[in-house]
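Note sheet for the following structure.
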Amino acid sequence: MTPLDPTLRERIENTIRFLAVDAVQRANSGHPGAPMGLARPAFQLWDAHLRFDPDDAEWPLRDRFILSNGHASMLLYALLHLYEVGLTHDDLAAFRTLGSKTAGHPEYGEAAGVEVTTGPLGQGFAHGVGMALAARATRARFAAGNDGPGQHFVYGIVGDGDLMEGISAEAGSLAGHWKLGNLIYLYDDNQITIDGGTDLSFSENVRGRFEAQGWHVQELDGEDVDGLDAALAAAREETDRPSMISLRTVIGRGSVFAGQSKAHGSPLGPDNVLQAKESAGWPTDQELYVPDDVRAYFQERAAAKRAARAEREAGLSRWREAQPDAAKAWEAARAGAIPADLDAKLAEGRDDVADATRNHGKDALTRLSEAAPYLIGGSADLAGSNAPPILKGQGTIGVTDDGSDFYAGTNIHFGVREHAMGAVSNGIALDGTLRPYCGTFLIFSDYLRPSLRLAALMGLPTMFVFTHDSIYLGEDGPTHQPIEQLDALRAMPNLPVFRPADGIETAAAYAWIARHRKGPGLLALTRQKLPPLPRPAGFQLEDVERGAYVVRAVADPKVVLVATGSEVSLACDAAEKLHADNIPARVVSLPCLELFEQQPAEWRQTLIPRDGTPVVAVEAGRGQSLQGLVGTNGLVYGIDRFGASAPYADLAQFFGFTPDQLCARVTEHVRSFEE
């Protein structure tokens, strides 16, 4: 590129600064300081280094950009507007207002060019690690040398808050271990937090920390354009280490609050905005102003970005011609192609097998990986407990004893890093080619809940596979036995939670999740062995995907037992005992409450009536999410305390989850309505 005229550069940078300042002031809410301090390095990164097409924010070969310190959102919105990536002047004026594309923090799916939702600090950092891993894995699976997909870089800006959050330590460790040389972060080292200087709480050696994790670290002044160009070039040459470029910046540069925490999280105020504009020689009578020469420059650069895409597409066309099978497989992965008969494939031979649903899940995931060979994932050091398992013969990321590509495997060892595991998996989904799955014990869903929530919020097709789903975990005791987790997870919008009762339900759940691409899916699987369920004539796998179905039908039931997971077979056994006491009991299996609640009310009431028939919901957990099914006269048969350490059979007896105990309580409940 021809060196930019210094005067024009200053006008461009001031345009970015004052677009942010004006939008924040107009909304009377926001964070102007970081955009003001980052205008120069952010513009230089986007202009001279970032590869993207302003007309197609989903172009697969684009470089990715992540603003992890998402409170600086107007920096990103200003750049997207200037480079003609979909945001208009009116969109900037609507910053932080209801229904606008320019939310307070960048929201994936709301504005073109926003690669990831970065509200909670540290999440953008960690999701970017997943995006970089996905690129390397895509290249290993489909590309040939320097031709084909997966050759792009993942760039990002991170702040002090990102590095303080624990997830960045987990994700940074993984990035270094995985040698992600395609990951390059700029660290906005402005030494300011909301409460004051970073010295209040953050005095670690950031360079030493990341070097210890295997990163390539450089330091320079944030206003040094030539130094930044050289540092970015050096980072791209460093193919076996992720890079951190530490930039010393001044928050609120050009304002009366420069270098102060007052510039962080609130508008400058009308008088201070006026003063900053006067000091910069900026028009004081215009809001969200873009000078004509600045507009012309960005129009020229946007055209250059489009032309650069054409060059990359020519190389991709050559790859398609030379590697037609790889190209076809890549396109199938991008489309999420699966066989029409996936349900039957996953369920074959599982109808009469007594086993833990974690083992049924292992079988289903293995078959799914064969039907959809673009899967990739693993567990937080619990693959030996099938949470989720290592898929045999599919290779492992980072294991190259057989001479295979470092990134060619399906299996990922995340180590004991649940939080980063969730975010990395989401990052893989955001990349758009490979389909991620991950998991651990259900109790540790608490450790990755923020990342799981972001998957639901962004509508990412991440598969979460949790095992050891109840007190029947046994001797590990209450710290490992989930009680409230199922309820808490069901409370999350856009998160179907499946708790299957046997091999057929497990297979159907996996099939539904595999087809579902507008959000995550979650499985809660047992440690203990379960019998195959008896099912009435006419049962179809699609019944599971409606969320609930009758597994034991009776004429004129006096009670309806609704159960999930391991308690469905318990309910069936109790129903037999109730029948002997002249209490006919219908049993309904509820593998997924959310899917059931999406069905028409009239159909739901054919399963769980509202005619006064007593309804008892059975689940070896808190069970509060099932209260709506039983009504005011119903009963939730659950657990209202933490677990205990003992063999699982002893726990069943202690907590009342045996056929005799359940039968006695249901009988008592039903008789109370007959008196």
Computed over segment 369-468: relative contact order in percent, which uses C-alpha pairs under 8 Å that are six or more apart: 31
Residue-wise HN-Hα coupling along segment 96-109, computed from phi with Karplus coefficients 6.51, -1.76, 1.60 (Hz; x: Gly, Pro): 6, 10, 4, x, 7, 6, 9, 5, x, 10, x, 10, 4, x
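Among 449-455, 30-36, what's the highest-first ranking by average C-beta atoms within 10 angstrom per residue?
Details: 449-455: 23.3, 30-36: 28.9.
Answer by packing, highest mean first, reads 30-36, 449-455.
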Segment 344-435: trypsin sites (Lys or Arg not before Pro) in DSSP loop, at most 13 other beta carbons within 10 Å: LYS392
Placed amide H near LEU530: partners under 5 Å, 5+ positions off or other chain: ASP355, ALA356, THR357
Cβ crowding within 10 Å averaged over residues, with 136-148, 636-648, 185-197 ranked highest first: 185-197, 136-148, 636-648
Option label - Cα Rg over 2.2 N^0.38 Å computed here, alternatives [x] 1.07; [y] 2.00; [z] 1.02: [x]
Entries of LYS345/LYS518; LYS179/LYS262; LYS101/LYS179; LYS362/LYS577 with Cα pairs more than 28 Å apart: LYS179/LYS262; LYS101/LYS179; LYS362/LYS577
Sulfur and carbon atoms: percent of accessible area, segment 1-75 [1.4 Å]: 43
Karplus-derived HN-Hα couplings along segment 139-151 (A = 6.51, B = -1.76, C = 1.60, θ = phi - 60°), whole Hz, x at Gly and Pro: 4, 5, 7, 10, 7, 10, x, 8, 9, x, x, x, 8
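Could you look at segment 94-230 and say what percent of its accessible area is carbon and sulfur, using a 1.4 Å probe and all protein chains? Spell out each step's value before the answer.
On the way: 2130 of 4730 Å².
The value for segment 94-230 is 45 percent carbon and sulfur by accessible area.
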ALA488 paired with GLU370, simple spin-label distance in nm, labels 7 Å along Cα-to-beta-carbon: 3.8
Amide H within-cut-off set for GLU219, under 5 Å, with H built and near neighbours excluded: SER246
Distance in nm between pseudo-label sites at GLU219 and ALA340 (7 Å out along the Cβ direction from Cα): 6.3
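Can you tally the net charge around GLN260? Count Lys and Arg as +1, Asp and Glu as -1, for every other residue whose Cβ sits under 13 Å from the Cβ of GLN260.
+1
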Rounded tilt (10° steps) of 659-674 against the dominant C-alpha axis of the chain: 80
3J(HN,Hα) from dihedral phi, segment 452-463, Karplus parametrisation 6.51/-1.76/1.60, rounded to Hz, x for glycine, proline: 4, 4, 5, 4, 5, 5, 7, x, 8, x, 7, 9
Reachable aspartates and glutamates, given that their alpha-carbon falls under 17 Å from the alpha-carbon of LYS277 and they are not under 8 places away in the same chain: GLU10, GLU13, ASP22, ASP285, GLU287
Percent accessible area from carbon and sulfur atoms, segment 340-410, protein chains only, probe 1.4 Å: 44
The chain - percent relative contact order, Cα under 8 Å, separation 6 or more: 12
Cβ-defined net charge surrounding SER168, 11 Å radius [Lys, Arg +1; Asp, Glu -1]: -3
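Can you tell me what share of the DSSP beta bridges in the chain is antiparallel? A percent to the nearest 5 is fine.
Details: 8 of 62 bridges.
Around 15 percent of the beta bridges assigned by DSSP in the chain are antiparallel ones.
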Average accessible area per residue (Å²) across segment 414-482 - probe 1.4 Å, nucleic acids and ligands excluded: 22
Among SER100, GLY33, THR2 - extreme Cα towards positive end, dipole of segment 1-134, charges at beta-carbon: GLY33
Relative contact order for segment 202-249, counting Cα pairs under 8 Å that sit 6 or more residues apart, in percent: 47
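Please work out the FRET efficiency for the pair THR284 and ASP5, using the Cβ-Cβ distance as r and a Förster radius of 25 Å; give the result to the nearest 0.05.
Details: r = 24 Å, r/R0 = 0.97.
The calculated FRET efficiency here is 0.55.
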For VAL618, residues with placed amide H under 5 Å, excluding near neighbours: VAL562, ALA563, THR564, TYR637
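What number comes out for accessible area per residue over segment 113-263 if the probe is 1.4 Å? Units Å², please.
Details: 5100 Å² over 151 residues.
I get 34 Å² per residue for this part.
For segment 325-474, what is the charge dipole size about the Cα centre, in debye to the nearest 20, if Lys and Arg each add +1 at the Cβ and Asp and Glu each add -1 at the Cβ?
Details: 12 positive and 18 negative charges, 82 e Å.
Dipole magnitude for segment 325-474 comes out near 400 debye.
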Residue-normalised accessible area of segment 519-675, expressed per residue, 1.4 Å probe, Å²: 43
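How big is the dipole moment of the chain about its Cα centre under a simple scheme where the beta carbon of each Lys and Arg is +1, that of each Asp and Glu is -1, and everything else is neutral? Debye, nearest 20, please.
Numbers: 61 positive and 89 negative charges, 144 e Å.
Once rounded to the nearest 20, the dipole reads 700 debye.
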Theoretical gain in end-to-end length, SER672 to ILE194 [0.36 nm per residue, Cα-Cα removed]: 166.2 nm
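Pop the C-beta distance of ALA296 and LYS518 into the FRET formula with R0 = 41 Å and round what comes out to the nearest 0.05. All intermediate terms of the calculation are to be shown ahead of the outcome.
Values: r = 40 Å, r/R0 = 0.99.
Computed FRET efficiency for ALA296 and LYS518: 0.50.
Counting Lys and Arg as +1 and Asp and Glu as -1, each charge on the Cβ, what is the dipole of segment 325-405 about the Cα centre in debye, to the nearest 20? Numbers along the way, then the final one.
Working: 8 positive and 14 negative charges, 35 e Å.
Dipole size: approximately 160 debye.
Highest mean first, how do 255-266, 283-294, 585-596 rank when packing is the count of other Cβ atoms within 10 Å averaged over residues?
By packing density, highest mean first, the sequence is 585-596, 255-266, 283-294.
The values are calculated or read from the model by the stated rules, or taken from the named source; none is laboratory data. Owing to the predicted nature of the structure, the values given are computational and were not obtained by experimental measurement. With ideal geometry, Cβ positions are generated from the backbone for all residues, glycine too; neighbour counts draw on all protein chains shown. For accessibility, only protein heavy atoms count, side chains too; no ligands or nucleic acids. Shrake-Rupley method; radii C 1.70, N 1.55, O 1.52, S 1.80 Å.
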